[in-house]
Each structure stands twice: as structure tokens, then as C-alpha cells.
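Contents: one structure, followed by commentary.
The values are calculated or read from the model by the stated rules, or taken from the named source; none is laboratory data. These numbers were taken from a predicted model, which means no experiment stands behind them. Because the Cβ atoms are built from the backbone with ideal geometry, glycine has one as well, and the counts that use them run over all protein chains shown.
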């Protein structure tokens, strides 16, 4: 960070003197799961730099625990949905992808997914309502005079609260489906010819039919949102603000978008000055393993180890899948560490040990690591990129299949289909990424790109949060496109005008020519007559 | 710079160990004037970091002197144009804007400018030819095994030489007219609805007629280039490469574009991952003034000083302009330091001193500075932004009028028309920027934006040059748009196909409906008959 430099240069009024306390006052929107994992290191650094951080959390949160010891304070609010309802809804979602999806056709899957998105909006609004209707907490938030609101827009409502509190808004975002928020609301240009929408499972190198699929994906997702599940949000936002408002317009008010990818993972694409790519915030060098685990790892000899996890969201797999996977793992010479809850599979081989929890980053950074079997969550993929580890992907839901398409396209992974894969597929996949050196080389190439940037992703994220506080927003980075209608943006009115002029001139020319011909021929004739 | 960090982390193979010599081998393309001023600090830093830098220079160069003592070595080549011819052509260009332009109409001005651009291409190709036809130097360049070629694409040919030598290419660019190179060749999206073309003298907030003007400006400049003065370059490049090649396609091969502006000066706009905005590279804190000059500056008391320069290119003004300006300067209470060559104007007042050369940056950074009268060159504007000094612009040619539109739009300058301005206009302009505090406040706001970035522009430029060497290019930042035709880029083939499908379905539906109607009605009728 260059903060020390411009402090000493004395040219600008700085917001925060490092070392002093209470210099910035940061409000953080509630979030969940892997999104929370990603935000935490930024908050810790902000606190280390002397800022005060308050995190909003509701009483039905699945992953955030306000009783947990931490350096930031929590502001708890009550919501009308219960913890049990939240858990049940979440489990429904997981079970759909683990058990039900392979019995449905594409149309049924899309319909179910649309309903999940609709339900997600409803739950989010219920949570938002809990906060906005609590006069005590809203008064407390107003009195605290926060300098910025930091949020993941996946958990909606932060844009409304930032507006009510009259403070700048910084987003930390992994993605929206088909880049809808970034594209439609943030005005980030995304030509469908080389920017595949997130979740469409395409790369930036598309054939004609793939480009066609991408265009249809953009259009269908936009239609479903704008004319579907966004409408309820629009109505809610309008009601709260007391004037016609749209969700998209409010999203577009964000000062800064910290996107949690980088060009190691993402395909190069156009973006805007208030979009910063800070993928890999949570990655760090490995620490030593617990003694027992280190012994097991060392026992692998030259063959090394394989680490296997399907993330913190999936607690159990269908029994026959567990056995199939366990028996595949038994067929490779490596030792395997499997993050696994529940009863051990019957087919578990001696080379495989299961653990309730594993120090994933420390294992991926261990010299004996050979491959990582992953569900394809962005956090896990980023740890593999950071340490240069080739992957076998078994994606389940959400962005996971699309994430693994990225890694496969960059030559650092092979991908399995969870529902159709057989024992031999997994054995072959593992042998490929371990023995074909191109996978390791490509993973190392991504790792070099990841590390070789002018400023670390965490420092960059912290810098732009502080920047937004220092300058009370970042409006000078906001493109004028926000003030244009869609037809003005694409200059359609200008082209229509030019077309009109051309048509008018052509018509005039034709008319005048006809008139001339008439005068010359018929005029002459009538004279002759 | 984070170099120390990733060196210590040992994760990536680094290109250059700081402290050792001969670690990178950098070739620099010949350049001129203010472009050279901007490149030099980057080269000095690269040398300080242990790289070897060789600068190509030709024997007719107006501003580069291979005999000058410097830390980099020069490689001199001969060209068929003489120094005198170069000087004469350059003076023609200056004199056109100083003396002739106000007697011509817009069409005549455009025609003259087109011919200047055409002549510029011809001279550039002549220079390029001098290098390429020198077998000795080309052999020397090949044998030297350079790691990167660094160039300002305004001086064409570097893309051809990088291709011949098979080495990566990094551009350092201020602008191309209407962003032509960046847009058409670099694939940087530039919607004309909010990205005004460079030199059109519009801001990013455009009315309908201004957007119309911007579209016509884009189109006319593109046509003049693609179907005009680029054709000769295309033919030359094809001849040298021995296969059909276009200038634009070769420009698009550049690995990295270091753009010499930033969001303090430029309007926010979409860009790509291999475009880095490093405006203000040459700016630095002020040094102490020469004793005599400091005395004069101090004698200004609370009124302070005004610094006036029209840049290094303009040696003399029309006599009546000089006198008009001198008499205006005499009417303000500030002391004025005027960079001026030639005989002192008759109307020079006691508060004004003329100097053959002034330490511009040190004066702009002096506590007594109140305003800067400038021709609007980017280097001078950036020094004013760096030090937060409001400006009075007297733009003459090139990008200067457009640059001053930027500063006026951002509230940090007033702008004069060189040809029509009167004494009182200049007095009023100066009094406005000195006494109306909003100009100073806006200049300070731009200064804060300028200084408040995660990495200094010079460090960022050096980082990306070294990055390109370390990774032997930066292809992972290159968008796939380069591989698409213009109609594929805009998905026109996809939309045409979809339109076709819709038309076909509609036609089929109409046909089938007609058939049904026919069957039902006429079929029935015939039965009845």
C-alpha cells in the first residue's frame, strides 16, 4: 500500500492515520457461507488499520455467529423467518441438486431454479424487512454516522439501507447470473460474443451455436429477472422509499464493485473504472499441519497426497455415491484426505482417511500435494490457484459447474459429472491430473498470474474501501452511461435520425430527378404539341 | 511495488533480481518531444532496477540527442529524410495553427489536417524504412535478444519490428484521434453515447446533437484512416512481412497498452485488462528554485505568482498576440513568470519576467503559485493536477483544445480562444481562476484523485513492462474479441439467424393458418357443392 507515501507527501487529506483507533466507521451487511469467508480477511485488515467495523447479522443466520469471539462488533436484528425454516429451505436446495435433478428435464430444472430465485428474493426481503422495521436499530445505525456500507449484493437490501443512511456503498461480489447486475445495473459492457454469462458453462472461445446459446442465455435470464422475480423487489423498494424505484437503479448507485475474481480464473473482458478484480482475498501461505495429519501426509512418500472436499455446504452424499467415490480413491497410489461427515463408507480403502474438518489451505500448500478433488466453489479453486494445484472437479450446483469450465479451459482441471460418473472415471481423472504434467504446468502458470500483480487482492480491496470513505464515494469513477436510456446508450436515436436524413435525402433526390425528367420529357413534349 | 513480497514468497520465477545487472534487455522505439519526456522517467527507473535499456534514434530526430549523457545506450540509424526537412515540415505544422487556420473554413481545415496525417504516415514509413533496410542494425537487434520492445505507437513501425524480432510489445500512448487505435485495433469498447472521441472537444455528458456530432466524428475519422492514410501503411507492412497484413491488425498484437491518462483527467469509460492508465508518470515533488527566481517569486507577497508557458514546441507567437498577452499580464496583481524565446514584447509590464526556460514543475509546486497559463499539453496539465493548480488554457493545436475541454468540464480551468481572445478576456480569465475559489477547490480535488491510487503511475508502468518480460507477453489479458469479425463481435450473425427463425416460424404459422382456413371453409364448401 502506498498510503505511507501520500501521508508523508502531505498532499491529500487522509481519512485514517494508521495506528490511531476509531478513524473510520464501517457498516457491514449480513451475508452467509463462503461469501462471509471472503469478507472476513478484509474486515480483519480494516480493523488492524484502525477502523471500527460493525457487522449486521440476523437471528436466523446459518453461518454467522454473533457470539463468536472477533475483533468486530455485531449488530443483531430479528427477522420473521426462523432458523429452522432457513435451514429447511437451504436443505431443499441442496437436496434438489444431489437427488432430484437427474430425474427432471431441462425445462423442469429451469422452472425449479426460477422458483428458487423467487423464493430467495422473498426470504431476502423478509430479512430486510426485519431490519427496516426495527426502529431501535435503524435509529442506532443513523446515529452511528457510518462512513461506508460494505456488502455482498447477493444478500439484497444493502442498497436500500445505504440510501436511507445517506452513505457510500461498496459491493464485494463473486457474480450474478449472466452478469445481470454488473451488466444491466452497473453498466459494465459484456458483449455476448466473447463474454460468456456466468453459469452458462461456456468459455470466451465460442462457436456460432455457442454464441447463439450465450445470447439466448443473456436474454432469458434478463427477462426472468426484469419481468419476473425483480418485480416484487421493485415494489418493496418503491414502498420503502416512497417513490417509484427499481432494484436495478438502486444497485447502480454502488460506488465501487469489488469483484472476487481475477484474470487467473476469469476470461479477459471489458470492465469499468469502479470495478476492481480482487480474486483470492482469503488466500495465504500454508501453516504447519496438525502432527497426526503431517505423519499421514509424510507416509505417502513420493506419491504424495490428494485432498478431497465438497465444501462446507454439503454434509452428506447419496450412499452409493459415497461408496463409488471411496472405492475410486482406493485405486490410486496417493494418500487421500477426505473432508467427510457421517458414517464411513464401506468401501473406504486404507490409503484414505476421512476428517470432519481439514486445514484445506495448509494441505493445498503442502509440498506433497498432487491433486485437489473439489466441488468447484470459488474459494477452493482460488486456494488451488494460489498454490498451483491441478484439480478434479465434481461440481454440484450454483456457479460450480461454470467455475470448473473455467479451470478446464485453462488446462488446470478435469471435470466429472456428479450424477453419471463411474469409479473408473474418477480414477482416470485423478491419474490424468497427477501424471500428465501439463495440468501441473497450467496450474503453476495460473499461480504465477495470481501472484504477479502490483498489489495483493486483499490490499487492493482494503484500499478501495478506504478510498471510498476518504472521498465520501467514488463518483468520478462512475460512467455517464448510468444517465442514458438503453436506446441512447446504443446511439439508436442517433442512428434513427441519420437513417431518416438519408431516407429523406434519397426521397428528395428521387422526387427532384423525376420532376426534372418530367419537365425535360413531358414539358418538351407539351411544347412540341 | 510488491516485487519484494513475491520474491520472498518464492512462488513465482522472477525475471529480475534487484541489484544484479543485465537482468532485462529492453529495446525502446524512437520518439519525439513531450512523448520522450514521458517515457524517460520509466526508462530511468527500469535502469535503476537493473535492466539494460537501448533506445533507437534516427539521425533526423528533432528532440532526441544520442550524444546526450544518459544511463541508457542509443542505437543510431540513418534515414533518407534530413534534419532540415523534418524541421521544415514540423514548422509548417506549427505555423498552420498559429497563422493560417483562422483564414480557412472547417472543410479546408479538415482537408489540411488529413494531409498532415498522410504526410506524417509517409515520414514515419521513411524512418521505419531507414531501420529495416540497415542490415547491420537489424542483425545487431536480432543478436541482442531483447525481452521487450517499448514504444509510443504515434511513431509507427514498432509493431513491425517487434514482429520481426519475435518479442513482446508494450505501448505507451497518450491517445489516438477518436480513440481509433484503441477502439478498432485494441478492441477497447467506446460507446459514442458517453465516450467522446479524443479531439472532438466534447465531454461525457452529451446532448442529442453532441452525441450525433460524436458519432459522425468517430465514423469520419475511421473512414479517413481505414480507406485513406492507413492504406499506404497496410501496403508497406504487407510488403515487409511478405503476406497480406494490416496496420490495425499489427497494432492489435501489442501485449500491453500503458495509457498516459487517469480518471483525474479522463472521463470514466470502459476498458480492457491489458489497458493500464498511468497518467502523470513524469510528475514529482518540487525542488528549490534558482536563487534569483525565488527572490522574484517571494517579492509577489500574498498575491502570489502566475506561470505562463505554451510548451517547448512553440518558439514564437505573432507579434500582436505577444503584445496583447503581455499587456493583459500587466493588469493582474500577481508576479508572472513567462517562458518566452525572442525579443521581449513592447508592452511587457514590470510584474512580468520572461525566461528562455523555466523549472515548470518546481514553480507549479511552489506555495506562491496561484494559476498556470498553459497551451494545454498533457504533460503540463498533469503537473498542474499533481500540484492542484487552476489553469487558464490557450490551446493551439493537436489534442490541446480537447485537453482543455476536460479541465474546463472538471471545473479546474477557463479556456481562451487563441485567435479571437482580447486583452480583457485573458485578464478576466486569470482573475476568475485566482479569485473564484471553486477553481482551486476543483484543482485540489483532481490532485487528491491523482495521488490517491494504490500504486504510483511510474511504478505501475514499470511493473507492467517487467511483467511482460517475466511472462514473455501478456496474452492472458488479451480479449477473444481480437479473433472475431466485426459482425460476430456485435452478434449480428446470431441476431440475423434469430430473425430468420422468427420470420420462418411466422411464415409457417401464416401458411398453416391459411391452409386450415382453406380446408375448413373451402373444403366444407366443396363438400356442400
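So here's what we get for this one:
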quantity	calculated
Residue A:392 vs. criteria crowded, with 23+ Cβ neighbours inside 10 Å, at pLDDT 95 or above and outside the structural domain of residue A:312 (by TED's automatic domain parsing)	no
Residue within region A:250-261 that is crowded, with 19+ Cβ neighbours inside 10 Å, more than 11 Å from every other protein chain (Cβ to nearest Cβ) and in a helix (DSSP H, G or I) present	yes
Residues being touching a strand residue (DSSP E or B) at 6+ places or on another chain (Cβ under 8 Å), more than 24 Å from residue B:399 (Cβ to Cβ) and in a loop (DSSP other than H, G, I, E, B) - total across region B:360-377	2
Among the candidates A:168, A:196, residue that is more than 28 Å from residue A:400 (Cβ to Cβ) and in contact (Cβ under 8 Å) with a residue 12 or more places away in the chain	A:168
Residue list for region B:472-485, restricted to those being more than 7 Å from chain A (Cβ to nearest Cβ) and either within 25 Å of the chain's Cα centre (by Cα) or under 10 Å from residue B:168 (Cβ atoms) (or both)	B:472, B:473, B:474, B:475, B:482
Which listed residue, of B:98, B:62, is outside any helix (DSSP H, G or I) and in contact (Cβ under 8 Å) with a residue 24 or more places away in the chain	B:62
Sole residue being within 14 Å of chain A (Cβ to nearest Cβ), closer than 19 Å to residue B:380 by Cβ and surrounded by 22 or more Cβ atoms within 10 Å (Cβ to Cβ), chosen from B:426, B:446	B:446
Selection within region B:104-141 - at pLDDT 90 or above and not in a helix (DSSP H, G or I)	B:133, B:134
Meets criteria (within 8 Å of chain B (Cβ to nearest Cβ), out of contact with any strand residue (DSSP E or B) (no Cβ under 7 Å at 6 or more places or on another chain) and closer than 20 Å to residue A:24 by Cβ) for residue A:467	yes
Region B:281-311, residues that are away from chain A (no Cβ under 12 Å), within 21 Å of residue B:369 (Cα to Cα) and in a loop (DSSP other than H, G, I, E, B)	B:282, B:287, B:288, B:289, B:290, B:299, B:300, B:304, B:310, B:311
Restricting region B:325-361 to residues that are buried (at least 22 other Cβ atoms within 10 Å of the Cβ) and within 27 Å of the chain's Cα centre (by Cα), the residue that is modelled with the lowest pLDDT	B:340
Count of residues meeting criterion [on the phi < 0 side of the Ramachandran plot, at the interface with chain A (Cβ under 10 Å from one of its Cβ atoms) and in contact with a helix residue (DSSP H, G or I) (Cβ under 9 Å, 6 or more places away or on another chain)] in region B:486-520	9
Any helices (runs of 4 or more DSSP H) falling wholly within region A:419-520 and containing at least 3 residues that are closer than 30 Å to residue A:333 by Cα and not assigned by TED's automatic domain parsing to the domain that holds residue A:185	A:423-435, A:437-451
Single residue of A:95, A:22, A:38 found to be at pLDDT below 80 and away from chain B (no Cβ under 14 Å)	A:22
Output for region A:184-210, where each listed residue is in a loop (DSSP other than H, G, I, E, B) and at the interface with chain B (Cβ under 7 Å from one of its Cβ atoms)	A:189, A:191, A:192, A:193, A:194, A:204, A:205
Residue B:115 vs. criteria free of Cβ contacts under 8 Å to residues at least 12 places away in the same chain, under 21 Å from the mean Cα position of the chain (by Cα) and over 21 Å from residue B:58 (Cα atoms)	yes
